[in-house]
Amino acid sequence: MAQSITDQLLSNNKQYAAGKPAHKPGYPGKQPIQPARHVAVVACMDARLDVEDLLGLQTGEAHIIRNAGGVVTDDAIRCLIISHHLLDTNEIILVHHTRCGMLAFTDDLLKAGLEGDPAAENLLGKATGRKFVSCKKCASTPAQFHAFRGAIEPLDAPRNDKMIERLTWDVRRSMSKVLNHPWLPTSGADAITVRGFIYDVDTGKLEEVKYPGPMGTFG
Ligand SMILES: [Zn+2]
């Protein structure tokens, strides 16, 4: 069977982690609007991830959608539907990563801090090393921050098994949201594929998450 584009990008990642980047930074000249490799990536906004570098993507080859956590939000779904149906992408790659900030708080904690709870302000200040200044106002949006499910851990904690488990849960939840959306077909001639990964910010390597599997517990 022919290698998928995602598999080719994974071999670029091995080169990148070994110090041999494939991404070329120069202006490529005139290009078509459709991504040349028919790939869309949803990745965390973390400053340590350079998606073009870590996948060896060139300018013009992929859509790259980024937000806090690489979460499949309503807006990420909007982008993926446009990317697939109008701009001809058919492989979707999800990238979460170790040491993600989304492991270090909960939605309730951040909301309470923003609304003026002194205990939450104190905890968030300690967790981030930055004085947390409450806005002392409630707001209806964003409805969710999408902090990852599971017991929180210190900001930027080193890789550990619990962290990988929580990241794995969220990658699966994100895959599930894409795979089950009625406007993103997963069978027939126009089917998309979705693969999910955890990027290790200390090694530069991508690790694939098996799907389906557990997606977390409320406890
Ligand atoms: Zn992150």
Value of Rg/Rh across the stretch 141-219 [Cα atoms, Kirkwood radius]: 1.02
Gyration tensor (alpha-carbon) shape descriptor, the stretch 23-99, a/c threshold 1.5: oblate
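Please report the relative contact order for the chain, taking Cα pairs under 8 Å with a sequence separation of at least 6, and give it as a percent rounded to a whole number.
Numbers: 376 pairs, mean separation 47.4, N = 219.
Averaging sequence separation for qualifying contacts and normalising by length gives 22 percent for the chain.
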Based on the alpha-carbon gyration tensor of the stretch 143-182 and its eigenvalue square roots a ≥ b ≥ c, which shape applies: rounded if a/c is under 1.5, prolate if not and a/b is larger than b/c, or oblate? oblate
Surrounding charge for Val209, neighbours by C-beta under 9 angstrom, Lys/Arg +1, Asp/Glu -1, total +1
Of Cys44, Cys138, Cys79, which is the most mobile in a GNM of the chain whose springs link Cα atoms less than 10 angstrom apart? Cys138
I'd like the distance between the alpha-carbon centres of the stretch 23-55 and the stretch 147-167, rounded to an integer number of Å. 27 Å
When the Debye formula is applied to the Cα atoms of the stretch 1-148, each taken as the same point scatterer, what base-10 log of I(q)/I(0) results at q = 0.15, 0.18 Å⁻¹? -0.86, -1.05
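Which pairs break 30 Å Cα to Cα here: Lys14/Lys177; Lys24/Lys162; Lys24/Lys205; Lys137/Lys210? Walk me through the numbers before you get to the answer.
Details: Lys14/Lys177 28 Å; Lys24/Lys162 36 Å; Lys24/Lys205 19 Å; Lys137/Lys210 41 Å.
Beyond 30 Å: Lys24/Lys162; Lys137/Lys210.
Quote the FRET efficiency, to the nearest 0.05, computed for Glu165 versus Phe132 with a Förster distance R0 of 30 Å and r equal to the Cβ-Cβ distance.
On the way: r = 28 Å, r/R0 = 0.92.
Computed FRET efficiency for Glu165 and Phe132 comes out at 0.60.
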Can you check what the net charge comes to around Arg66, using other residues whose Cβ is under 12 Å from the Cβ of Arg66 (Lys, Arg +1; Asp, Glu -1)? -4
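For Met45 and Cys79 in one chain, what is 0.36 nm times their gap in residues minus the Cα-Cα distance, to one decimal in nm?
Values: separation 34, 0.36 × 34 = 12.24 nm, distance 1.57 nm.
Length gained, Met45 through Cys79: 10.7 nm.
List the trypsin sites (Lys or Arg not before Pro) within the stretch 131-219 that DSSP assigns to loop and that have no more than 13 neighbouring Cβ atoms inside 10 Å.
Listed in order of number, the matching sites are Lys131, Lys136, Lys137, Lys210.
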Rounded to 0.05, the calculated FRET efficiency for the beta carbons of Gln34 and Thr217 at R₀ = 41 Å is 0.50
Which distance in nm do the two modelled labels at Leu110 and Gln58 give, with both placed 7 Å along the Cα-to-Cβ direction? 3.7 nm
Once you order the gyration tensor axes a ≥ b ≥ c over the Cα atoms, which shape class does the stretch 99-154 get: rounded for a/c under 1.5, otherwise prolate or oblate by comparing a/b with b/c? oblate
Residues other than Ile164 with Cβ under 10 Å of its Cβ, Lys/Arg counted +1 and Asp/Glu -1, net out at -1
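Coordinate-derived values only; no laboratory data. This structure is a prediction, so every number in the text was calculated from the model and none was measured. Glycine also receives a Cβ, built like all others from the backbone with ideal geometry; neighbour counts cover every protein chain displayed.
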